[in-house]
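Below is one structure, written out as structure tokens, with a few remarks after it.
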């Protein structure tokens with residue numbers, strides 16, 4: 001039971017990560033403090049070419065981007081049997097060859113901890129990220145800056161050898177630092193509750209419920225010349241599922257059920273070109289809606305050298321401009337371990353965003369990557385990625401090609 005509890009949700013990514021970087025996790029620490037603390041230097045540098053920096057449909061601009069990212073990992077827990085804590089910090093230094101007005105520095109920090117006892121498993125994380133990127137939502141011929149703060153706690157308690165209960169809290173907060181009048185700040189909290197029953201030593205069945213509340217900030221639409229007040233949404237996910245080694249070579253989890261969402265109405269104030277009110281305010285009419293809900297992750301170990309992963313999801317969301325959405329996604333990746341040093345990965349994904357107001361975006365993403373790990377300290381890789389967004393709304397579609405070379409050092 002403990003193995004399934006603590007590792008299953010990350011099993012797919014861990015297997016693929018180990019196949020791509022088979023020796024990176026065994027690097028010797030830069031500094032050891034006492035018997036339980038290890039400090040690693042974990043830095044990287046990359047050179048990336050992108051064909052559409054701003055993800056603009058009508059005015060594509062390409063550029064060459066160089067980044068240097070020094071960072072440190074502090075691990076507390078070596079030699080301890082039931083507790084572990086890691087603090088991971090990064091600092092991105094990003095420079096553009098032509099569009100040097102976009103040059104930036106970005107800070108990231110995250111703490112990840114876990115605790116295990118005979119009956120209780122706890123996993124927690126808290127993180128902060130500075131982001132400067134193109135969104136494709138609003139064509140301002142600039143990158144958008146925002147800060148992300150996240151915190152998560154997952155707990156599972158074994159009531160009996162075959163029965164356990166899990167719960168926790170997942171908190172996310174996004175605050176835009178530039179063009180904040182066009183984008184809606186988001187604050188989301190999710191509280192899940194799951195009951196697991198051990199069907200076999202390798203498979204658990206689950207019965208679950210999750211409550212999500214999202215606070216959406218006010219916006220000024222740059223296209224419709226209107227002010228939209230803030231509002232709240234509440235959603236409920238009733239589900240059944242399973243987790244574990246589902247088939248001899250297939251592991252993972254799935255939850256399938258019904259999602260329902262209620263959203264408050266907003267006040268809309270039409271604005272003139274001068275930004276002043278140009279008409280009487282009116283209210284939205286956001287109705288309750290329901291749909292099939294899905295959350296699944298599968299990892300198939302086809303051979304000792306080939307590992308495939310499949311991700312499926314169907315959930316509610318909120319677009320950058322504050323519009324409620326229904327999001328459906330399918331993604332797959334395949335990793336081939338050529339030998340102990342070389343590996344290759346290919347990925348393909350499709351996402352459908354259905355916006356309130358009859359807007360639909362079909363997003364496709366495909367890529368390939370080749371990695372070389374000569375020893376436990378260094379990793380070299382190069383790849384290609386293509387993304388296209390097909391929208392039924394003018395100026396919301398785009399396509400972008402990206403090529404990159406990167407090097408990582410962990411010591």
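For residue 265 and residue 37, the FRET efficiency from 1/(1 + (r/R0)^6), where r spans their Cβ atoms and R0 equals 56 Å, is about 0.60.
For the pair residue 303 and residue 289 in one chain, pulling the backbone fully straight at 0.36 nm per residue adds 0.7 nm over the alpha carbon distance. Sorting 111-118, 292-299 by their mean Cβ neighbour count within 10 Å, with the most densely packed peptide first, gives 292-299, 111-118. Protection proxy ranking of 322-329, 54-61, by the mean of other Cβ atoms within 10 Å over each peptide's residues and highest first, is 322-329, 54-61. Note on the chain: with a GNM built from Cα contacts shorter than 10 Å, the maximum mean-square fluctuation among 262, 394, 63 falls on 394. The stretch between residue 87 and residue 377 holds 102.5 nm of extra length on full extension. This uses 0.36 nm per residue minus the Cα-Cα distance. Note on residue 247/residue 276: beta-carbon distance plugged into 1/(1 + (r/R0)^6) with R0 of 60 Å gives a FRET efficiency of 0.40. Remark: spin-label model distance residue 329-residue 240 equals 2.7 nm, labels positioned 7 Å along the Cα→Cβ axis.
For region 171-248, the spread of Cα positions along the three principal axes, ordered from largest to smallest, is 58, 24, 21 Å. For the chain, the relative contact order comes to 14 percent (Cα pairs under 8 Å, sequence separation of at least 6).
State the extension gain, in nm to one decimal, for the chain segment bounded by residue 187 and residue 47, taking 0.36 nm per residue of separation less the distance between their alpha-carbons.
Extra length from residue 187 to residue 47 when fully extended: 47.0 nm.
Taking other C-beta atoms within 10 angstrom as a stand-in for reagent exposure, 395, 185 fall in the order 395, 185, fewest first. Ordered from longest to shortest, the equivalent ellipsoid semi-axes for the chain are 36, 30, 21 Å, each the square root of 5 times a Cα gyration tensor eigenvalue.
Here, each number is a calculation from the coordinates, and none is a lab measurement. Keep in mind the model is a prediction, meaning the values are calculated, not measured. Cβ sites come from the backbone with ideal geometry, for glycine too, and all protein chains shown count toward neighbours.
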